[in-house]
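Beneath this line is the structure, given in C-alpha cells, with notes to follow.
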Amino acid sequence: MTKLPDPKGGSVTLDERRSIFSEIEREILNCRGCQLWRSRRNPVPGEGNLQATLMFVGEGPGEQEDLKGRPFVGAAGKLLDQLIETLSLKRKDVFITNIVKCRPPGNRDPLPEEISSCQPFLIGQIGLICPRIICTLGRHAFHTLVDPQKNITRAHGQPTTKDGIIYFPTFHPAAALYHDSVLYQLIEDFQKLKVLLKEV
Ligand code: URA
C-alpha cells in the first residue's frame, strides 16, 4: 500500500495529494486481492475533492459505475447528486467512494473477504483526504466503518466520532428508489447532515 504522509500536519499540497491518489488508483487497477477483478470491466476507485470536508462511502459499483469507472453515476447516483445539492454543495465539492472498488457480479452484496481485502484502499483514501465527516450510505459501509453490530435502521441520522472523524450513517440511496419511507428518512438525515456540516 502507498505510504502516506500525515495530511493533518497541513504539509501536503493538493499536487501531492493528486499524485498519492493516482498511486492508490494504480494499485486498485492492479489489485488481485480478491476475485472481483476477474468479472469487473473497470475498477471504481472514487472521485471528487481531495481536500473535501465531507466524504461519502457507498457499497460497491453497480452496472453503470462498472461501465464508466466512476462511482454513483446510475439511478442511485442521480438521487445522491440531488441530496448533495440539499447541502448547498455540488458533487465536485465532496469525495465519493465505495467499500469495494470492483463490481460484485449481478450487484450481489460484497463478501466479507472482498470487503476486508479492499479495506486498505479505503483507509488510504480516508488518510489522504482527512475528511471531517464521513457519511456512510447503507448498512455495508456502516458495518465496515462504524459498528458491525448495530442496525442501520436504528443508527441512521446519529453521528459518532472515531479517531477524530465524525461518522454520519444513513440509508443507501438505491433503497430510497423503491421505498418512499426510506426516501423521507434519507431527506431528513441530510437535513441533519447540513446542520452538522455548519458546525465543523
Ligand atoms: N451503489 C453503490 O453503493 N455505489 C455506487 O457507486 C453505485 C451504486
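Of everything in region 54-68 that is open to solvent by 20 Å² or more (accessible area, probe 1.4 Å) and in contact (Cβ under 8 Å) with a residue 40 or more places away in the chain, the residue that is nearest to the ligand (Cβ to nearest atom) is Glu59.
Each row is one residue, and each column tells you yes or no for (1) among the hydrophobic types (A, V, I, L, M, F, W, C); (2) away from the ligand (no atom under 13 Å from the Cβ); (3) surrounded by 22 or more Cβ atoms within 10 Å (Cβ to Cβ).
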site	(1), (2), (3)
Asn30	no, yes, no
Cys34	yes, yes, no
Gly46	no, no, yes
Leu111	yes, yes, no
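So that you can scan it fast, the table gives a plain yes or no per residue for (1) surrounded by 22 or more Cβ atoms within 10 Å (Cβ to Cβ); (2) part of a helix (DSSP H, G or I); (3) touching a Phe, Trp or Tyr at 6+ places or on another chain (Cβ under 8 Å):
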| residue | (1), (2), (3) |
| --- | --- |
| Leu79 | no, yes, no |
| Gln82 | no, yes, no |
| Lys101 | yes, no, yes |
| Leu122 | yes, yes, no |
| Gln125 | yes, yes, yes |
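Would you call Pro71 touching a Lys or Arg at 6+ places or on another chain (Cβ under 8 Å), part of a loop (DSSP other than H, G, I, E, B), within 10 Å of the ligand (Cβ to nearest atom) and modelled with pLDDT of 95 or more? Spelling it out, it is not the case that Pro71 is touching a Lys or Arg at 6+ places or on another chain (Cβ under 8 Å), part of a loop (DSSP other than H, G, I, E, B), within 10 Å of the ligand (Cβ to nearest atom) and modelled with pLDDT of 95 or more.
Return yes when Ile129 is under 27 Å from Asp163 (Cα atoms), within 16 Å of the ligand (Cβ to nearest atom) and at pLDDT 95 or above and no when it is not. Let's see the steps before the verdict.
Numbers: under 27 Å from Asp163 (Cα atoms): yes; within 16 Å of the ligand (Cβ to nearest atom): no; at pLDDT 95 or above: yes.
Here the answer is no, as Ile129 does not meet what is asked.
If you take the residues of region 74-99 that are near the ligand (Cβ under 9 Å from one of its atoms) and under 13 Å from the mean Cα position of the chain (by Cα), which of them is farthest from Glu23 (Cα to Cα)? Looking at the filtered set, the residue picked out is Leu80. Within region 162-189, the set of residues being more than 17 Å from the chain's Cα centre (by Cα) and polar (S, T, N, Q) comprises Ser181, Gln185.
Is region 129-151 home to any residue that is among the aromatic types (Phe, Trp, Tyr), assigned to a helix (DSSP H, G or I) and crowded, with 22+ Cβ neighbours inside 10 Å? Write out each step before concluding.
At the first step, the residues of region 129-151 found to be among the aromatic types (Phe, Trp, Tyr) are 142.
Now restrict to residues that are assigned to a helix (DSSP H, G or I): 142.
Filter again for crowded, with 22+ Cβ neighbours inside 10 Å, leaving 142.
Scanning region 129-151 turns up at least one residue that is among the aromatic types (Phe, Trp, Tyr), assigned to a helix (DSSP H, G or I) and crowded, with 22+ Cβ neighbours inside 10 Å.
Residues checked against (1) hydroxyl-bearing (Ser, Thr, Tyr); (2) over 13 Å from the mean Cα position of the chain (by Cα); (3) more than 20 Å from Ala175 (Cα to Cα):
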{"site": "Glu114", "(1), (2), (3)": "no, yes, yes"}
{"site": "Ile129", "(1), (2), (3)": "no, no, yes"}
{"site": "Ile134", "(1), (2), (3)": "no, no, no"}
{"site": "Leu137", "(1), (2), (3)": "no, no, no"}
{"site": "Pro148", "(1), (2), (3)": "no, yes, no"}
{"site": "Asn151", "(1), (2), (3)": "no, yes, no"}
{"site": "His156", "(1), (2), (3)": "no, yes, no"}
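Evaluate region 1-18: report whether one residue or more is in a helix (DSSP H, G or I), without any contact (Cβ under 8 Å) to a residue 12 or more places away in the chain and under 16 Å from Cys135 (Cα atoms). Within region 1-18, not a single residue is in a helix (DSSP H, G or I), without any contact (Cβ under 8 Å) to a residue 12 or more places away in the chain and under 16 Å from Cys135 (Cα atoms). Kindly evaluate Phe121 against the criterion of being within 25 Å of Glu199 (Cα to Cα) and more than 11 Å from the ligand (Cβ to nearest atom). The answer is no for Phe121.
The values are calculated or read from the model by the stated rules, or taken from the named source; none is laboratory data. Since the structure is predicted, the reported quantities are computational estimates derived from the model, not experimental observations. Backbone-built Cβ (ideal geometry, glycine too); neighbour counts: all protein chains shown. Surface accessibility is based on the protein's heavy atoms, side chains included, excluding ligands, DNA and RNA. Shrake-Rupley method; radii C 1.70, N 1.55, O 1.52, S 1.80 Å.
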